[in-house]
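Engineer: I have a structure here, written as structure tokens, and I will follow up with some questions on it.
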Amino acid sequence: MARTLNTMLKWRELSVIVVAVVLAVYFQIANANFLLSNASLQNLSQFIAPVALIACGEVVLMIGGEIDLSAGMVYALTPFLMYFLTRAGLPAPLAIVGALAGAAAVGAVNGMVTVLLQVPSFVTTLGMLFLLNGLTLTLSGGTPVGVDAGPTLAFIMGRGGYAEFVWAALIVLVMHFMLRNTRWGLHTIAAGANPTGASEAGIRTRELKMVNFVISGALAGLTGILEAFRISSIDPTAGGTHIMFLAVAAAVIGGTPLAGGSGTIAGAMIGAMVLGILNDGFTLIGINAFTFDLILGGAILVAMLCNILISRYRRRMAVS
Amino acid sequence: MTHTPIAGLRATQMTYAALDGAEQIAVTDLLRAEDIVKTFGPVTALNGVSLRLRRGEILGILGDNGAGKSTLMKILTGYQPQTSGKLYIDGAETVLRSVDHARALGIECVYQDLALANSLSVYHNIFLNREILYPGFHILNNRAMRREAIRCLEEIGVYIPSVDAEVGALSGGQRQAIAIARAVHARARILLLDEPLAAMGAREAALIIDLILRLKAEGNMSIIMIMHNYAQTLDIADRIMLMQRGQVTYESDARSTSVPELMTIVRREYQHFQLHKESA
Ligand SMILES: Nc1ncnc2c1ncn2[C@@H]1O[C@H](COP(=O)(O)OP(=O)(O)O)[C@@H](O)[C@H]1O
Ligand SMILES: [Mg+2]
């Protein structure tokens, strides 16, 4: 018993997995089409993928006590960058790379302003959010445009039914591994848990933080491009604050505290799954969007409370 | 016996000269700081501090809060540069460029805040910023670090229930021991300890003192420790230095001074300062 408890505490993702499974079973019972129909499953995967991808970047920042509120706007802008680069004559793969570089550059600006000018990232990225939204709307004239690329490239980049989910799963795996098993990951957590201490130990915490903003920007940009390919259209009002807040919620539900110091990518992925299951499940049952937000809000609050209680409990267990 | 602080300082300096001769000092002084000044904007944290650390000795630094002790430590570790003044390591003038640079020269510090990451394991903390990696990929070799951490803690005789435990869950003494283990494992020649006994129970303090004395006895380490407790310091240290308001106001062999004498000096300095302030 004590051992089971210990394992559960060690893998903080486990409690979220339990929640996800319970929800899935519930909706499966309530509506037999929920998981077992391919269309429904694909729908679910398409909800989860973008949330999980953006959440990867948010987790990395949240560990350091930062946040990227502009992620959803980077998501909206990046496909337009790709579009304009293609129009300027660049082949599609190069246009994608160029657009991603643009997204990374936005992250770099977020990081530099936050770190060098010591502006809280909440403020920096809030400003960036409005700035990018205006930029996207201006560049696009407020109207959607099409995506032109060869069918194979389009398929890989999101047109294929599960393509985006495959991207998300791969990136989550890689990021999860990196956060746990590389120097970068260890230093990110150390710098989040004790910024002064980490720099006293010789870790270049400022550079590290800037790199992490770049990662967040690039991931948000990639998500935007994948979504554009999936729906074959680039919409200036896509993404936005909604997807960003879903990503932050996924991170929090998955076990990353907003106060920083620790965090888990796999947890955020499962958090995204929980949100997806809630969203699709209630849609299938026929609950309206208002009720969904009500339940989502409750779920986030409960998840955060659990987080605090569990980490307190872990501390106590570890001492004895 | 009473003497003015300044006279005391001169006396010790003269003793050095008489004992060792000028060339001798250059050899035996592992670390020397000369006339270090450090300002933070309008605040002068260090106002011309000189110190020398001889091979194999423990130098105890005493002083009130805000005297500049931690600031001095952070200059000696390359964490922050001095505004002016010179450092000599092994007799050679040295400009410390970074913490890594100081570490490469064998200078390790256990900071007042311990520089531990609470959410990381004991072994990750011991190897923080000096991780054992698989070649090429910056991928952590956790198994090797675990093994080494266990060995290192055993070697310095510190018992920690599990090296997998999160450091945040451990006691003050255990955390201090882990921070010291980190420095020892790095094969420090010069170990700087900033208030190693602060916020610690008597039993834990005794364990840490024991550890420090054992490290000294092994003979590879010279130690500067910042302390609060006068009696404890006179017990452990070979020499003591008193810092007040960014200056060294007294320096002596630990054996040739006493707690009452130190108290007298501190009080006199304080009154002297008050007078100055009033007349100014
Ligand atoms: N980074 C800093 N910025 C501004 N002032 C500082 C900084 N570090 C130290 N000080 C100031 O320098 C003085 C000495 O501080 P410190 O070295 O921590 O003293 P001690 O360790 O002896 O208690 C204090 O007045 C402190 O406020
Ligand atoms: Mg101090």
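No value in this document is a laboratory result; all are computed from the given coordinates. These figures come from a predicted structure and were not determined experimentally. For neighbour counting, all protein chains shown are included, and Cβ atoms are generated from backbone atoms with ideal geometry for every residue, glycine included.
Engineer: Go through the stretch A:122-138 residue by residue and turn each phi into a ³J(HN,Hα) via Karplus (6.51, -1.76, 1.60, θ = phi - 60°); whole Hz please, and just put x for glycine and proline.
Structural biologist: Karplus values, whole Hz, x for Gly and Pro: 4, 6, 3, 7, 5, x, 4, 4, 5, 4, 5, 4, x, 4, 4, 5, 5.
Engineer: I've got another one for you. Using only alpha carbon pairs under 8 Å that are at least six residues apart, calculate the relative contact order of chain B and give it in whole percent. Intermediate results must be reported in sequence, preceding the final value.
Structural biologist: Working: 466 pairs, mean separation 72.6, N = 280.
Computed value for chain B: 26 percent relative contact order.
Engineer: Quick check on the stretch A:169-320: take the gyration tensor over C-alpha atoms, sort the square-rooted eigenvalues as a ≥ b ≥ c, and tell me if it's rounded (a/c under 1.5), prolate or oblate. Working shown, then result.
Structural biologist: Values: a/c = 2.44, a/b = 1.32, b/c = 1.85.
Judged from the Cα gyration tensor, the stretch A:169-320 comes out oblate (a/c at least 1.5, b/c at or above a/b).
Engineer: If you don't mind, another one. Whose amide H sits under 5 Å from the amide H of B:I139, counting only residues 5 or more places off or on another chain, with H placed in the peptide plane?
Structural biologist: Here the answer is B:Y134, since their amide H atoms fall under 5 Å of that of B:I139.
Engineer: Amide H to amide H, which residues 5 or more places from B:L30 or on other chains are under 5 Å from it, using H placed in the peptide plane?
Structural biologist: It is B:L53, B:R54, B:R55, by chain and number.
Engineer: Now for a separate question. What average count of beta carbons from other chains do you get within 10 Å of the Cβ of residues in B:165-172? Intermediate results must be reported in sequence, preceding the final value.
Structural biologist: Values: counts 2, 7, 3, 9, 7, 2, 1, 0.
Averaged over the peptide's residues, the number is 4.
Engineer: Taking the alpha-carbon distance from A:K209 and a cut-off under 20 Å, which aspartates and glutamates remain once sequence neighbours fewer than 8 residues away in the same chain are dropped?
Structural biologist: List returned: A:E58, A:E66, A:D68, A:E200, B:D100, B:E131.
Engineer: In addition: Given contacts defined as C-alpha pairs under 8 Å and at least six residues apart, what's the relative contact order of chain A, whole-number percent? Don't jump to the answer; show the numbers that get you there.
Structural biologist: Numbers: 510 pairs, mean separation 106.9, N = 320.
Dividing the mean separation by the residue count of chain A yields 33 percent.
Engineer: Still on this structure, I have one more. Be a star and scan the stretch B:242-275 for residues whose amide nitrogen sits under 12 Å from the point 7 Å along the Cα-to-Cβ vector of B:N229.
Structural biologist: Correct set: none at all.
Engineer: Can I ask one more? How much mean residue ellipticity at 222 nm does the protein assembly as shown get from its helices, if each DSSP H run of length 4 or more adds -39500 (n - 2.57) and you divide by all residues, to the nearest 500 deg cm²/dmol? Mind dumping the intermediate values first?
Structural biologist: Details: 25 runs with 368 residues, N = 600.
So the helix-based figure for the protein assembly as shown works out to -20000 deg cm²/dmol.
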